[in-house]
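The values are calculated or read from the model by the stated rules, or taken from the named source; none is laboratory data. Everything quoted here is computed from the prediction, not taken from an experiment. Backbone-built Cβ (ideal geometry, glycine too); neighbour counts: all protein chains shown.
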Amino acid sequence: MNSIDDFNLDTRALSVFLAVLDERSVSAAAVRLGVSQSAVSHTLDRLRHTLGDPLFVKAGRGITPTRYAIQTGPHIRHLLDELRGLSLGPPFTPERAEFTFTIAANDYQRDLLLPAFARVLREQAPGIELHIIPSGIPTPDMLRKDLCDLIISPHPPPANDIMQQRLLDDRMTVFHDASQREAPLDLEDYLHSRHISIIFNTGARLGLDESLEAQGMRRDAPVTVSNFSGLPAFLRGTALLATAPARLHGGILREFAASLLPVPIKPFTLFMLWHQRHQKDPGHRWIRQQLLTIANKMDA
């Protein structure tokens, strides 16, 4: 290891190290950082000389981190988070802020909460651009690797560095076209009906179906769609049933009749999730507060 007098590190070099550590690939790290592969390789060579360790070695067609790199990674990540905290600058002023904020949310969460949030931005922080991407079943890496700034999901990933806060609760409800059929009378009627159901792009199904199968029951679903937005077009004019969050009755499923789900399924909670490095960021905190205010008004 070189002496402290020989150290010549900067935040960009350390960010390159973390990108390669996360991606296990020089080329993927270069794409993520928006630089050339040669620039990443040059920075790694400098870090190897400064830190006195190979950091990454060839493994088949790829590379693998050394033990030193794996052990040092969390310390460097923490150091960069601390340095970002030093550069937060003056107090956050919404009307003067200019940046892009990316939220990962599936269609239900997106349509429920984010139109109202976009209105808040137009009125109070017009310089903040809102970018929305699908969340699927969220993973910690979505936040760790800055693929998004915040996630809204009922599925918080189990990770110590991911912060979470409850937004609101909802429950599953049965929807049908009242011009075509009556509401299911009981569980037997519900199970013997035909359904339109959800299979997400990730291949995941509704928790309802997993719960039913665990009890030895299943629904007959001749139609499946990849998100809740697809339900109205296939439900309209048919005798199918659709089971979806109750709050959709005030949105895309407003034209359909709703009835209680004859299956004992607990309500679920929507959370907003973010990485701990943004915990004290004033702009991030302001955005989280706006989303919480919107959710609280829905519960009022």
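Of the residues making up the range 255-300, those that are aromatic (Phe, Trp, Tyr), under 23 Å from Ala159 (Cβ atoms) and at pLDDT 95 or above number 2. Of the residues making up the range 55-65, those that are touching a residue at least 12 places away in the same chain (Cβ under 8 Å) and loosely packed, with under 15 Cβ neighbours inside 10 Å number 2. Among the residues of the range 40-72, those that are farther than 22 Å from Asp10 by Cβ and not in a helix (DSSP H, G or I) comprise Val57, Lys58, Ala59, Gly60, Arg61, Gly62, Ile63, Thr64. Every listed requirement among (1) polar (S, T, N, Q); (2) exposed (fewer than 11 other Cβ atoms within 10 Å of the Cβ); (3) within 22 Å of Leu21 (Cα to Cα) is met by Thr50 save one, (2). Looking at the structure I just gave you, is Arg144 within 14 Å of Ala104 (Cβ to Cβ) and in contact (Cβ under 8 Å) with a residue 40 or more places away in the chain? For Arg144, the condition - within 14 Å of Ala104 (Cβ to Cβ) and in contact (Cβ under 8 Å) with a residue 40 or more places away in the chain - is met. Of all the residues in the range 198-220, those that are in contact (Cβ under 8 Å) with a residue 12 or more places away in the chain and of a type in the set (Gly, Ala, Ser) number 3.
Note on the range 162-193: residues that are outside any strand (DSSP E or B) and touching a strand residue (DSSP E or B) at 6+ places or on another chain (Cβ under 6 Å) total 3. Restricting attention to the range 124-161, which residues are among the acidic types (Asp, Glu) and part of a helix (DSSP H, G or I)? The answer is Asp141, and nothing else. Answer with yes or no whether Val35 is at pLDDT 90 or above and of a type in the set (A, V, I, L, M, F, W, C). So Val35 does not fit the description; no. Taken as a whole, the range 71-89 holds at least one residue that is among the hydroxyl-bearing types (Ser, Thr, Tyr) and at pLDDT below 90.
The helices (runs of 4 or more DSSP H) found entirely in the range 194-300 that carry 3 or more residues being among the β-branched types (Val, Ile, Thr) are 282-299. Of everything listed in (1) under 27 Å from the mean Cα position of the chain (by Cα); (2) charged (D, E, K, R); (3) farther than 30 Å from Pro91 by Cβ, the single unmet condition for Arg236 is (1).
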